[in-house]
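Structure first, then comments.
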Amino acid sequence: MIRLSQTLWTPLEPLDLEWQDSVPVARETGDIFFSTKDGLAESDYVFVEGNRLRERWRSHTENRPFVISEIGLGTGLNLCLTVAQWLAHRPSGARLHYLGFERAPMRPADMARALSHWPDLAPIIKALLTRWPDPLPGCHRRHFTQWGLTLDLWWTDAADGLRDLASHGRPWVDAWYLDGFAPAKETGPWQQALYSAMASSSRAGATFATFTAAGEVKRGLAASGFEVSKRPGFGNKRDALCGTIHTPRTVTPTLTPWDLNASNKIPDHVLVLGAGLAGAHLAFTLAGRGIPVTVLEADTLASGGSSNLQGVTYTRLSHQHNPLTDFSLAAFGFATDHYDALLREGKLKEGEDIGLGGYVQLHDADETLAHLGEVLPLAPEFARLLDADELAALTGLQPRCGGIHYLRGGWLNPLAVCRALLAHPLISVRTQCGQMSLKRTSGEKWQAVDEQGCVQAEADTAVLATAQAVRQQTELRWLPLTTIRGQTTHLPTEPGLGSLSIAVCDQGYLPPARAGIHCLGASFGPGDLGVDEREAEHAHNIQMMQAALSDLDLNPPSGGWQGHVAHRCNSNDYLPVVGPVPDLEAFNACYERLRHDRKRLIDAPCPMESGLAVLTSLGSRGLSAAPLAAEILADQLLGTVPSVPRYLQRAVSPARFAERALKRGEPL
C-alpha cells in the first residue's frame, strides 16, 4: 500500500546512468537496459510474443480496455513498441490501458537519447515525451484518444503500487511485463509481495513474460498461482520465462472497504445534474469511455461557482505529504495536461479561452520554502524558486517577496471549457430546467423531477454535481458543506499591466488580460448567500493585489469598479467530495463497531444508494480539481483501474464523513 502522509515531500531521484554507445547502463549495478545488438527485436520477442499480444488483441471483443502492466518502465522502449503494435493490430474501437511502474523515472532527455536508435518509433516517442509527467510520487494518467490508449505512470515502488491496486479487490490486468533489473545484480522489484499483488490484480487467463529465467523468480511466481514455463531466450540468452494464471488469488483485505463501489454493473446511461466544471468534466469523461450522458442544468452553462470570467490552474506545495497537498498536486498535473490536449485539438483557443506559461505563487521565506529550494531542482520542468527581482523580471511587476514559478498551466475561461467538454456526440445537454430533485423508480432508475413534478430525464445512474445544492437531495443532507461567497473585480487593462504574461497569486490572483479585462479575485465570505456587488469587496480585492505587487497603481474607472459574484462550496476538510453515495442508515449499522474500536477492520461491502453518486466541493480550485475528480468517479462507476492511490480515493470519498463520525462515537 502507498502511505505517504507526514513523510517528507520530494520529487523522485532519477536513475544514475552512464552510456555505452548511446545505450543506457545503470551506473550502480552495471545492468544494461536493452540489447546492444537489437533491443527492439528483443522487446518484441520477450514481451509482445511472450504474452501472445497480437493474437489476443485480434480476438479481444469485450467492452472493456485490454490492460497491460509493466514492472520497471526504464527507457519506455516496451511502451513505445507496444503502442506501435497496438495501432497495427487492435480491433476497431478497442481500448488499451497501460500501467507502467517505476521508482526512479528517467529524464525525458535520457529517454529520447536511448530511443533514438529506432526512428520508426519517433512519432510515438515524441507524442509520449511531450506529455511525460514530472517525477512526482503517485500515479500520473494520460489519455491518448487518437490511439485508444490510457497510460497510467506510477512513480513509486512497484510492490507498493501493485499492493495498492490489489487492495481494491478487482481483477484488471490481462498481461504483465516483468522488466526490472536482473535479480542477481539488484533485487529491485523481485520479491514475493510483488508476485502476490500481481496474482490478486490479474484477470483469469492473464499472462506474464520476462527476460529472466532466474529460479527465484520462477518459484515466486509459481507460489502466487502462476503456471510458469521456460522458452528459448533472445539472442545468446539461453532461457526466458512466461506463463499464465488461470485462477487469480483473492487478496486479504487490509482496509475496511467503505470507499469502494461494490456494484459490478456498468451504467447504460448516466444522468448528471449540473453543467458547471464538475458536471461538464464528468460528462466528458464518461462519454469518452462510450457511456451516453444526459446533462441537466437549472440555469445556464457554467453558472454558479463556474461563472467567473477567468480562473487559474492552481496547486500548493508543502514540505510534507498530506491528502490535501497530494490531491492538489495530482489534480494539477492531470488538469494541465488535459487543457493542453484540448488546446492542441482546437477545442480551446489560445489567448481567448486559455493562456499558458504557468503562474507565480508569492511565498514568504519559511521552512517550507527552504525545503522546496533544496528539492525542486529534481523537477526542473515543474516549478522553480525565484527571488523578488527575478519575479519582477518575469512578470513586469515588483512583488512583495519571492516565490514559486509553476511552469505548467495558466488561466482559463470556465465557460469556454464547459462548452468544449459538452460538445460531444454522446452528451445531451438541457439548460434552464429550474431546480430539480432525483427520485428512484420501482425499476431501479433515477428520475430528475422539476418543481412542477415533471420528469425531465431518467437513467440507471445519476450524479449530483450541483455544488452546495447537492444537500437538497435527501440522501445527501448530512454532507458537511459550506457555501462561500466570492466577488471578483473586472480590471480594465492599462499600460502598466500590459507586460503581465502569466498569473500572479498571493492572497488573491491577477491573471493576464482576456479581451482587455483582468478578472481579479476574489473575496471570501463563508456562509454569505448574498448576490449583490459590494464596493467594500472590490476595495478588498484591489488592496489585496496592491499589497502583493508594490508598484501596482490602480485607479477606479469613472463608473466605479465592476465585477461578478459567485458562490462556491467547500467541505469541512477542503477536499472534494467524489464517489458513490453511501446509504447512511445501512452504513452506520454495517460499520457500527467502529464506534468502539477505531482500528477494527470490518470486511463488509459498503452499503450504497444504488446508482447514485456525487461530485462537489471543488471550492475555488474547480479548474484544477474537476478533471481528476471526474476520472476518479468514472473509474468507480465503471469498475476500471483507479487513477489515484487508494489513500487519495478514501480522502475524497463522501463516506469519509460517516466513517469519521462513527469513530468519534457520533454517527451522522
- Query: Of Phe181, Phe144, which residue is modelled with pLDDT under 95 and assigned by TED's automatic domain parsing to the domain that holds Leu96?
  - Reply: Phe181
- Message: Would you confirm whether or not region 279-293 contains a residue that is closer than 30 Å to Asp38 by Cβ, at pLDDT 95 or above, outside any loop (DSSP other than H, G, I, E, B) and of a type outside the set (A, V, I, L, M, F, W, C)?
- Response: no
- Query: Does region 190-202 contain at least one residue that is of a type in the set (Ser, Thr, Tyr), within 24 Å of Tyr98 (Cα to Cα) and out of contact with any helix residue (DSSP H, G or I) (no Cβ under 9 Å at 6 or more places or on another chain)?
  - Reply: yes
- Message: Quick test for you: out of Gly215, Gly233, pick the one residue that is surrounded by fewer than 19 Cβ atoms within 10 Å (Cβ to Cβ), touching a helix residue (DSSP H, G or I) at 6+ places or on another chain (Cβ under 9 Å) and in the same structural domain as Asp38 (by TED's automatic domain parsing).
- Response: Gly233
- Select, from Leu87, Leu128, the only residue that is touching a Leu at 6+ places or on another chain (Cβ under 8 Å) and touching a residue at least 24 places away in the same chain (Cβ under 8 Å). Leu128
- Task: Return a yes/no flag: does region 3-16 have any residue that is under 14 Å from Thr210 (Cα atoms) and either outside any helix (DSSP H, G or I) or out of contact with any Phe, Trp or Tyr (no Cβ under 6 Å at 6 or more places or on another chain) (or both).
- Result: no
- Go through (1) farther than 30 Å from Leu662 by Cα; (2) modelled with pLDDT of 90 or more; (3) out of contact with any Gly (no Cβ under 7 Å at 6 or more places or on another chain); (4) not in a strand (DSSP E or B) and name the single condition Pro257 misses. (1)
- Residues that are within 24 Å of Ser550 (Cβ to Cβ), assigned to a loop (DSSP other than H, G, I, E, B) and in contact (Cβ under 8 Å) with a residue 12 or more places away in the chain, drawn from region 359-416: His363, Asp364, Ala365, Asp387, Gly396, Leu397, Gln398, Arg400, Cys401, Gly402
- Item | From the options Val644, Val581, residue that is crowded, with 22+ Cβ neighbours inside 10 Å and closer than 19 Å to Leu273 by Cβ | Val581
- Message: Which count do you get for residues in region 41-68 that are over 23 Å from Pro232 (Cα atoms) and touching a strand residue (DSSP E or B) at 6+ places or on another chain (Cβ under 7 Å)?
- Response: 5
- Message: What pairs come out if I take residues in region 3-22 that are closer than 26 Å to Ser116 by Cα and pair them with residues that are among the aliphatic types (A, V, I, L, M) and at pLDDT below 85 whose C-beta lies under 8 Å away, six or more apart or interchain?
- Response: Leu15/Ala26; Asp16/Ala26; Leu17/Ala26; Gln20/Ile32
- Query: When you scan region 99-193 for helices (runs of 4 or more DSSP H) that lie fully inside it, which ones turn up with 3 or more residues that are surrounded by fewer than 19 Cβ atoms within 10 Å (Cβ to Cβ) and not basic (Lys, Arg)?
  - Reply: 108-115, 122-130
- Verdict on Val463 being in a strand (DSSP E or B) and farther than 22 Å from His567 by Cβ: no
- Task: Could you tell me which of the residues Ser43, Ser69 is part of a strand (DSSP E or B) and of a type in the set (Ser, Thr, Tyr)?
- Result: Ser69
- Message: Step by step: first the residues of region 406-435, then only those that are of a type outside the set (A, V, I, L, M) and buried (at least 21 other Cβ atoms within 10 Å of the Cβ), then the one that is farthest from Ile502 (Cα to Cα). Which residue is that?
- Response: Cys418
- Note on the structure: Being in a loop (DSSP other than H, G, I, E, B), touching an Asp or Glu at 6+ places or on another chain (Cβ under 9 Å) and small (Gly, Ala, Ser) narrows Ser643, Ser620 down to just Ser643
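Let's see how each residue does on (1) at pLDDT 95 or above; (2) aliphatic (A, V, I, L, M); (3) assigned by TED's automatic domain parsing to the domain that holds Thr474; (4) surrounded by fewer than 24 Cβ atoms within 10 Å (Cβ to Cβ):
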{"site": "Ala604", "(1), (2), (3), (4)": "yes, yes, yes, yes"}
{"site": "Ala625", "(1), (2), (3), (4)": "yes, yes, yes, no"}
{"site": "Leu628", "(1), (2), (3), (4)": "yes, yes, yes, no"}
{"site": "Thr640", "(1), (2), (3), (4)": "yes, no, yes, yes"}
- Item | Of residues in region 207-236 being assigned to a strand (DSSP E or B) and among the aliphatic types (A, V, I, L, M), the one nearest to the chain's Cα centre (by Cα) | Ala209
- Test Thr244 against the criterion of being out of contact with any Leu (no Cβ under 9 Å at 6 or more places or on another chain), over 20 Å from Ala465 (Cα atoms) and part of a loop (DSSP other than H, G, I, E, B), and give yes or no. no
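The values are calculated or read from the model by the stated rules, or taken from the named source; none is laboratory data. These numbers were taken from a predicted model, which means no experiment stands behind them. Cβ atoms come from the backbone with ideal geometry, glycine included; neighbour counts cover every protein chain shown.
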